[in-house]
Every structure is written in structure tokens, then in C-alpha cells.
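Remarks on the structure that follows.
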Amino acid sequence: MMGMSFTVESVSRVLNKLNIGVSTHSVKRLLDNGKLKRVQRPHYCQNTTYNYLVDVVSLEAYLVNEVGLDANEVAIAIYGGIK
């Protein structure tokens with residue numbers, strides 16, 4: 001079973017909300033450095049230019065544990081306040 005995942009573009013928008021990153025290149029750099037976890041993109045997911053997605057749990061962990069943001073602030077940025 002696959003966990004929740006976002007496109008690279010969606011993660012870029014989350015990072016923008018938190019004033020951390022400004023482009024998809026920021027997300028790719030975090031993936032390449034092992035800060036975020038890359039997951040295989042299902043064949044039916046066509047709304048991205050990349051052949052992989054980003055694991056949301058790794059995004060939350062990175063923002064809370066490594067960046068030091070408040071968990072509630074992170075939840076609002078990622079889920080719109082609903083988790």
C-alpha cells in the first residue's frame with residue numbers, strides 16, 4: 001500500500017507557503033540530498049512532469065525535525081489545516 005504522496009510541483013508550493021523554497025529545483029535538491037523520500041509515480045498520475053512523487057511523511061519529518069518548524073504550521077501548509 002502506497003502512503004500519501006505529492007507531486008514535486010505540489011511540494012514546491014508547500015515550501016513556498018513556508019518561505020523555504022521557491023522552485024521545483026529546491027525540491028529536487030532535497031530529494032537528491034536524501035532529505036525527502038522519492039516514491040514511484042503510479043501510471044495514472046499524469047499531473048506532473050517528473051516520473052516520481054514525494055512521500056508526505058518524509059516532507060513533514062524534514063520540516064519539523066530538520067528545519068525546526070512548528071508541527072501545526074507544517075500541517076496547515078501541507079493539508080490546509082486538516083489532517
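Throughout, read-outs are computed from the coordinates displayed, never taken from laboratory work. Please read all numbers here as calculations on a predicted model, not as lab measurements. Don't worry about glycine lacking a Cβ; one is built from the backbone with ideal geometry, like all the others, and counts go over all protein chains shown.
Each peptide in 18-31, 49-62 receives the mean, over its residues, of other Cβ atoms within 10 Å, and ordering these scores from highest gives 49-62, 18-31.
Mind checking which aspartates and glutamates have their C-alpha under 16 Å from Lys17, skipping anything on the same chain fewer than 8 residues away? Hits, sequence-local ones excluded: Glu9, Glu60, Asp70, Glu73. Once both labels are positioned 7 Å from their Cα atoms along Cα-to-Cβ, the gap between Asn72 and Leu18 label points is 1.7 nm. Working from Cα pairs under 8 Å separated by at least six residues, relative contact order for the chain is 30 percent. Computed from the Cα positions only, the extents of the chain along the three principal axes stand at 34, 25, 19 Å, in decreasing order. Counting only Cβ charges, +1 for Lys and Arg and -1 for Asp and Glu, the dipole size of the chain around its Cα centre is about 220 debye. Using +1 at the Cβ of each Lys and Arg and -1 at the Cβ of each Asp and Glu in the chain, identify which of Val67, Val57, Cys45 lies farthest towards the dipole's positive end. Towards the positive end, the residue furthest out is Cys45.
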